[in-house]
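The values are calculated or read from the model by the stated rules, or taken from the named source; none is laboratory data. These numbers come from a predicted model, not from an experiment. Cβ: placed from backbone, ideal geometry, glycine included. Neighbour counts: every protein chain shown.
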């Protein structure tokens, strides 16, 4: 349920990381470097989706600044509060006209029930994606990030994620940029724990453990 705290924990001696280590020596290398990993999920589903829209094509710092301004305007970021704000008020937070359109569309669909956030936990992965991509500005990548960082689904690997593409290219020493077929082929060895593999790839890239040149 939205709002209930939930944490993903991966430890080197647990079933998930042991399976990944046996399946792929490259991922095992990252697990040994990074060690245990903890992720607190964002269980306020509406907030998570608004943050995703706000952050599109922005640096993390810029996205955080704009979202903080939006929170100051709203008090609490809810569909009702978003719709109560004028376009000029939303622009004052730093939102573009397109992103204002997107978060208003999300708000309207949540209020109407077209996107029922309370049912997302009970849907399978593809059902969640089909539900979320009804919203303007939410595509498959955004929905996949929601599956990982809000729902904590165990077997998600986004073929569309630039950071994962970059990490895979560096970790496996690929001379060419990996296309979807290559990425999918590599990720198959991580099933059914592709989320954990994704998190370790992102973390390794961010820590500079992978040669990205």
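Please tell me if residue 5 is in a loop (DSSP other than H, G, I, E, B) and at negative phi. Answer is yes for this residue. Filtering 171, 166, 147, 95 for residues that are at negative phi and under 16 Å from the mean Cα position of the chain (by Cα) leaves a single hit, 147.
Residue 210 fulfils the conditions (1) under 16 Å from the mean Cα position of the chain (by Cα); (2) surrounded by 16 or more Cβ atoms within 10 Å (Cβ to Cβ); (3) at pLDDT below 95 except for a single criterion, (1).
Which residues, counting only those in the stretch 148-168, are free of Cβ contacts under 8 Å to residues at least 24 places away in the same chain and either in a helix (DSSP H, G or I) or touching a strand residue (DSSP E or B) at 6+ places or on another chain (Cβ under 6 Å) (or both)? Correct list: 162, 165. For the stretch 112-129, residues that are surrounded by 13 or more Cβ atoms within 10 Å (Cβ to Cβ), without any contact (Cβ under 8 Å) to a residue 60 or more places away in the chain and part of a helix (DSSP H, G or I) total 3.
Tell me whether the stretch 34-46 contains one or more residues that are surrounded by 15 or more Cβ atoms within 10 Å (Cβ to Cβ) and without any contact (Cβ under 8 Å) to a residue 40 or more places away in the chain. Checked against the condition, which is being surrounded by 15 or more Cβ atoms within 10 Å (Cβ to Cβ) and without any contact (Cβ under 8 Å) to a residue 40 or more places away in the chain, the stretch 34-46 yields no hits at all. Just one residue in the set 166, 174, 159, 201 is touching a helix residue (DSSP H, G or I) at 6+ places or on another chain (Cβ under 6 Å), modelled with pLDDT of 95 or more and surrounded by fewer than 20 Cβ atoms within 10 Å (Cβ to Cβ); that residue is 159. When residues in the stretch 99-113 are screened for being touching a helix residue (DSSP H, G or I) at 6+ places or on another chain (Cβ under 8 Å) and closer than 25 Å to residue 153 by Cβ, 5 of them pass. Residues in the stretch 12-48 that are touching a strand residue (DSSP E or B) at 6+ places or on another chain (Cβ under 8 Å) and farther than 30 Å from residue 71 by Cα: 16, 17, 36.
Helices (runs of 4 or more DSSP H) fully within the stretch 47-101 that include at least 1 residues being farther than 20 Å from residue 112 by Cα: 60-74, 87-92.
For the stretch 10-44, a residue qualifies if it is in contact with a helix residue (DSSP H, G or I) (Cβ under 8 Å, 6 or more places away or on another chain) and not in a helix (DSSP H, G or I), and the qualifying residues are 10, 11, 12, 24, 37, 39, 41, 42.
Across the stretch 69-98, the number of residues qualifying as free of Cβ contacts under 8 Å to residues at least 24 places away in the same chain and surrounded by 13 or more Cβ atoms within 10 Å (Cβ to Cβ) comes to 10.
Residue 109 satisfies every condition listed in (1) part of a helix (DSSP H, G or I); (2) crowded, with 17+ Cβ neighbours inside 10 Å; (3) within 17 Å of the chain's Cα centre (by Cα) except (3). In this structure, is residue 175 more than 20 Å from residue 52 (Cα to Cα) and not in a loop (DSSP other than H, G, I, E, B)? No, not satisfied.
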